[in-house]
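This report concerns only the one structure given below.
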Amino acid sequence: MKKNWIWIIGLTLLFLSFAQPFALTEQKVHADEKMYESVVLRGSADTLDWSSNDHPLQYDEEEGLWLSSPIELEGGEKTEYKFVYDGNWMPGSNLTFTPPQDGSYIFAFHPEDERTVDVRLANNGTGSLTLELTVPENTPEWIVPTVASNKNNFNYEVSPMKKIGDRTYEIAVTGESGETLSYFYSLSGEPYKEVREEPRTATFTADNKRYQDQVTEWETIPVVQDVTHEFNHEPYTPDKNDQVEINVTVNHYGPIDQGSIYYTTDGSSPDGKRGKVANGKTASLKVVETKANDNGSKTTTMTGTIPKQKNETRVKYKIDVWNSESEGSQFADNNALTSDEATEFAYYVEDYESPQWAKESIIYQVFVDRFRDGSEKNNASVDPSIPYDEQLKGWMGGDLQGVLEKIDYIDDLGVNTIWISPIYEGPYSHGYHPTDFMNIDPRFGSNQLMKELVDEAHERDIKVVYDLVPNHTSSKHPFFQDALEKGEESPYFDWYTFLNWPNEYETFYGVQELPELNNDNLETRNYMLNEVVPFWMEEIGVDGFRLDYAKGPSQSFWVDFRHKVKELDEDAFIFGEVWDNLDTITSYTGKLDGAIDFPTQSAIYDAFINDSSMNKLADSLTTINEAYHEEFVPATFLDSHDMPRFLYEANGNTQTLKMAASLQFALPGAPIIYYGDEVGLSQSGNHEKVSEWKDRYYREMMIWDESEQNLDLKGYYEKLIDMRKEHKALTHGDFNAIYSDDDVIVFERNLPQDHVLITINKGEKARNLDIFDLYHQKKPNRVQLTSLLNDEKVKSHKGSLGVSLQENTIQIFDVKGKLRQEAPSEEQKYSKVVLRGSAPLDWESDRHLLSFDEADHVWKSEPISLTAGETVEFKYVRDGEWLEGGNLSFTPETTGDYIFIFDPQAETEVTVVPVNSASQSAA
């Protein structure tokens, strides 16, 4: 997205993994403690990165943990990080850690509890000191004082003290002997700091000098521990017929009995405190229940109702709670004490729908500088004399004229939407550092040329979405330069958030070149919504926006953004880059029409690049699709300008790319083709072998010489595009996973008049499946399957619908006839049963699938060779769920082949019989 900093964006991946057996023996646990061959740390700190293996962990046998080398971190600055084990990203959202002071830290990875945040201060320095604090009598006992210092960037929340006596606390801090510590005390937040103008000072010494301090007065005292709303309102996408219930959770020690919601419906910001409204209207919160916690605190749930509003209404609201017998109140979610500083929540009232064309879109992503050089006249920044690797860091000459020249290529490919990368005036060829939001950089072309491109696309019934960057500007933007020069006298000072003018300000992931816009400032928001957005939609004529770093601006901003965009064109498509976990992505439902589908990309990548099981893929796809609102359009993709080329990661294996692309085009959402994927564009260099500008290799020049293009792959993509256009089930149909194991997944996309069946076998052996059996269809009908990829036909015969899956292949079938999924019989009970256990079994895979014996009404394994006297511990996994209770065990008396028998009517019964007596034993 930007220079070499793009990897600062945390890859946010969310996907289910199979649970381990419930009660493994001690021997099994100890044997598998290490679990992985390699573990690597990646993260957002300046000393880490998101793409390399530069920070491997070593396994410590004594602790049973993986430990990193010491890594320098800046105190008070939050670090997002994740572990990559055996090439696989740890599932779930990023972990976070905020160092309490500057120093070197060791990151520990717990194999048995992967999400444990265990980061340890490694270096002690040559000196230290201990601060001892006595707090005033009016300090509530439940509040823990903290120290904000020059060692933690004066962060008032991250350095808690330890209680050592009545109203007395201490903390030890390390540093270099002779160095000075400047500090303030607070009650876990800057609003609650001690009343003091200048910081205290102390000196680090070799003998750990103790400083005894006393605070006489706090600026203010918190009302409660925490007030949480987190957009917990029902319904989440209200229309004109809905009252909206607001739910709030309060953690507290003292009594809390009152709360209020302050809301507006005219787009303005609500204002109020302790039930008295200054702007807007108010609705009271009522206590639903209060529960006592083990630590002496209480958790109170409160609810209130915002009345029905007409469609196209922007509802904005703030929430505070208080005790009627005391002073002050506290706001959700940032726990501010004043309305001005409080989190502003918002929702949009409408009949929430995304554009029909967006649901059916097939998007071609054009990275303009790397697509085609159509005019050498604007190549002033192109330097062909330097090595190619160096050229890739800068401008390569691609421009709008080149896109215009190849508009017929894009049209002939069959796509119906073009995503144009940012082409604002700015210092870099990727365009994500804007210095002017309404002028196109001459190196790309001109505003007029962009209009021509949009017109040419529209003549071909192709929509154009533009990459809008509302979160930040370049530090070279005139607005920011004016604020730097004039400070508070500048009309643009409040357009940014200065922490300590002029050198400290809020930035995009710490990148000083990218100061963040304060879109909650009214003038900033008005500029973006009433000047920038209309320029691109009305003057240029684009049909919507891909929204860069959409989780940067507030939800209130996106409510206003939706209102403005739909006012200009109700059929415009707005989808965001929300590189985060699934819950965060879906929180934009009702504000945006959709989002870049990072979860699905990660699921596909894990299956085909990291060789994770198709069980995991099926679980992930099911979870993802159940999470998305039916009107929320996930834009699926395999790679992008921010990620390595999929073909490169697949070691150039075009069959792997074909299978992944086929899966992508068979899934719900709007598939994106990153320019060049369709002709085999890969990478000329290994991004892992460079420490900066890794993304240069993800953005190489498009291949236009047909002799260098993979025309077979191009033809395959064209077939996928045609297939998706012809079958409405692939754009609008329900998703339903029918079956999966380690290597195979079977799922369907279904509409009343269109039914498509997808089968994938990524294993190294051919597989034969009876589709009727997988569907448990008790009265099979006449069904014909016709491949949409090669016209192969499969017809049902004598109650069977057999499909042969060759190794490393995918088939997508048009279904004619009634094929419906039914529940397994009472005797069978499950769709799939797997045997897992200690050697010669394993605890991870589906290698030992059981088959249901219709005659005996039990599930049976294939013969498994066992050794006399060697106990096997085992468990059954039924439809993905482990058998409850402890492990089962069996010790054979003789060496030989045995069959494990699972009876659905007696699930914990141990029945393991020699092959020659299996039928008699089962009977």
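Just so it is clear, none of the values below were taken in a lab; they were calculated from the coordinates. Values in this document were obtained by computation on a predicted structure and should not be read as measured data. Virtual Cβ from ideal backbone geometry, glycine too; neighbours counted across all protein chains shown.
Averaging Cα coordinates gives a centre for segment 464-478 and one for segment 502-578; these two points are 8 Å apart. Considering only Cα atoms, the convex hull volume of segment 484-579 works out to 110 Å³ per residue. Our helix-only sum for the chain, with -39,500 (n - 2.57) per DSSP H run of n ≥ 4 divided by its residues, gives a mean residue ellipticity at 222 nm of -4500 deg cm²/dmol.
Summarised as an ellipsoid, segment 226-349 has semi-axes of 25, 16, 11 Å, derived from the eigenvalues of the Cα gyration tensor scaled by 5 and square-rooted, with the largest first. All other residues whose Cβ lies under 11 angstrom from that of D580 are scored, Lys and Arg at +1 and Asp and Glu at -1, for a net of -2. Shape index of segment 582-700: Rg/Rh, with Rg the Cα radius of gyration and Rh the Kirkwood radius from the inverse mean 1/r over Cα pairs, equals 0.98. Between the amide H of L805 and those of R767, N768, L769, distances stay under 5 Å, these residues lying 5 or more places away or on another chain, with hydrogens modeled in the peptide plane. Note on segment 514-631: Cα-only Rg and Dmax are 16.8, 51 Å.
Shown for segment 818-923 is the translational diffusion coefficient from the Stokes-Einstein equation, using the Kirkwood radius over Cα pairs, a temperature of 20 °C and a viscosity of 1.002 mPa s: 150 µm²/s.
I'd like the trypsin sites (Lys or Arg not before Pro) in segment 117-211 restricted to DSSP loop residues with at most 16 other Cβ atoms within 10 Å, sorted by number. Within segment 117-211, the qualifying trypsin sites (Lys or Arg not before Pro) (loop, at most 16 other Cβ atoms within 10 Å) are R167, R196.
Counting Lys and Arg as +1 and Asp and Glu as -1 over every other residue whose Cβ lies under 9 Å from the Cβ of V227, the net charge comes to -3. The HN-Hα couplings worked out from phi for segment 289-297 by the Karplus form 6.51 cos²θ - 1.76 cosθ + 1.60 (θ = phi - 60°) are 7, 10, 10, 7, 9, 4, 8, x, 7 Hz, whole numbers, x standing for Gly and Pro. Using the Karplus relation 6.51 cos²θ - 1.76 cosθ + 1.60 with θ = phi - 60°, the per-residue 3J(HN,Hα) values for segment 806-814 come to 5, 5, 6, 9, 10, 10, 10, 10, 7 Hz, with x marking Gly and Pro. Near the amide H of S421, within less than 5 Å, lie the amide hydrogens of V366, V368, all on another chain or at least 5 residues away, with H placed in the peptide plane. Neighbour counting of Cβ atoms within 10 Å sorts the residues E170, E488, E700, fewest neighbours leading, into E488, E170, E700. Here is the size of segment 472-518 from its Cα atoms: Rg then Dmax, 9.1, 27 Å. With Rh defined as the Kirkwood radius, the inverse of the mean 1/r over Cα pairs, the Rg/Rh of segment 318-382 is 1.41. At q = 0.05, 0.06 Å⁻¹, what log₁₀ I(q)/I(0) does the chain have when each alpha carbon counts as one equal point scatterer in the Debye sum? Here the Debye-derived log intensity ratios amount to -0.35, -0.50. Between T98 and T79, the built amide H atoms are under 5 Å apart, and every one of these is 5 or more places off in sequence or on another chain. With the convex hull constructed from alpha-carbon coordinates only, segment 430-481 shows a mean projected area of 4.1 nm² over all directions.
With K and R counted +1 and D and E -1, the other residues having a Cβ less than 9 Å from that of Y496 yield a net charge of -3. In summary, segment 127-214 shows an alpha-carbon radius of gyration equal to 1.02 times the 2.2 N^0.38 Å reference for compact globular proteins.
What the phi angles of segment 494-511 give under the Karplus curve with 6.51, -1.76 and 1.60, with θ = phi - 60°, is a coupling list of 7, 6, 10, 10, 8, 8, 7, 4, x, 9, 10, 7, 5, 10, 6, 6, x, 7 Hz, glycine and proline written as x.
Under 37 °C and 0.692 mPa s, how fast does segment 730-816 diffuse according to Stokes-Einstein, given a Kirkwood radius computed over C-alpha pairs? Answer in µm²/s, whole number. Diffusion coefficient, whole number: 249 µm²/s.
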